[in-house]
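Any read-out appearing in this document is the output of simple, stated calculations on the displayed coordinates, not a laboratory observation. Just so you know, these numbers come straight off a predicted model, no measurement behind them. Cβ coordinates were reconstructed from backbone atoms using ideal geometry, including for glycine residues, and neighbour counts include every protein chain displayed.
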C-alpha cells in the first residue's frame, strides 16, 4: 500500500468503526482522490444508495447478495444506510485472509465453486465491477430471485467489466432492464434488471 492508500484506508477504517457511513461517502464526494478505487470501486452518494434501496424494496426483496464483493465496504455502507440484509460472497479465501488484502468490512462467505447451494432468492444479486463472464452466467443460473443489480462503467469510461451494466449477456432471455442511474458524473452506472418470465 502506498502512503496515500494507507492514509485513506485509515480514515475509512476510523469512520467505519464509528459507523459514520455518510462521512465515508463524502471522503471522495467529487471523485478526485488518486486510486481511491483500490478501497472502493465506485464512490456513490446517498442518492445512489437510496436508488438501490428503492429498487430492492419495490421488487419485494429483502436484501442484497453481493458477488465478488472484495473488502465489502460498499456493502457495509448499503447495510448501514438502509437496514437491509447484506451478504458478501467471494471465492479467494486465501487472498482475503492474507496480510496483503485490506481487512474486510463485512463477514465474507466463501462457497465452493461451482455453486452447490442456490443463492438467496429473497435478495437481489449485486455485481459491482465484476469481471468474469462465465462466473456471472453460473451465478445467475443458480439464482431463482427476481432482481439483479450491475454496477460498472459505461462507454467512454475507459474501464471494462464483464458483465457491463448494459447489453448484458444473460443466460436466458427473461431478464429486462428496468431502470438505471449514473453515479454522480463518473460514467459509472447502476443498472437494475428484473426477471420478466418463468424460470
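Summary of values
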quantity: For a label point 7 Å along the Cα-to-beta-carbon line of residue 93, residues of segment 135-172 with backbone N under 11 Å; calculated: none
quantity: Ellipticity estimate at 222 nm from DSSP helix runs (n ≥ 4, -39,500 (n - 2.57)) divided over the chain, nearest 500; calculated: -8500 deg cm²/dmol
quantity: Neighbour-count ranking [beta-carbon atoms within 10 angstrom, fewest first] of 69, 128; calculated: 128, 69
quantity: Separation of the residue 100 and residue 7 label points, Cα + 7 Å toward Cβ, nm; calculated: 2.6
quantity: Rounded tilt (10° steps) of 3-17 against the dominant C-alpha axis of the chain; calculated: 70
quantity: Percent RCO, i.e. relative contact order, over segment 42-195, from Cα pairs under 8 Å lying at least 6 residues apart; calculated: 21
quantity: Relative contact order of segment 24-85, pairs being alpha-carbon contacts under 8 Å that are 6 or more residues apart, as %; calculated: 31
quantity: Part-to-part distance (alpha-carbon centres) for segment 102-141 and segment 160-175, which is given in Å; calculated: 15
quantity: Most mobile of 29, 18, 182 in a GNM of the chain (Cα contacts under 10 Å); calculated: 18
quantity: Rounded to whole Å, sorted largest first: equivalent-ellipsoid semi-axes of segment 109-199, Cα gyration tensor; calculated: 23, 15, 11
quantity: Fraction of beta bridges assigned by DSSP in the chain that are antiparallel (%, nearest 5); calculated: 45
quantity: Least to most buried among 65, 196 (fewest other Cβ within 10 Å first); calculated: 196, 65
quantity: C-alpha long axis of helix 46-58 to longest principal axis of the chain, angle in °; calculated: 30
quantity: Answer label for Rg and Dmax of the Cα atoms in Å (calculated), chosen among [x] 16.2, 51; [y] 21.1, 67; [z] 20.4, 69; calculated: [x]
quantity: Ranked 137, 82, 144, criterion: other C-beta atoms within 10 Å, fewest first; calculated: 144, 137, 82
quantity: Helix 73-82 axis, angle to the chain major axis (alpha carbon atoms, nearest 10°); calculated: 80
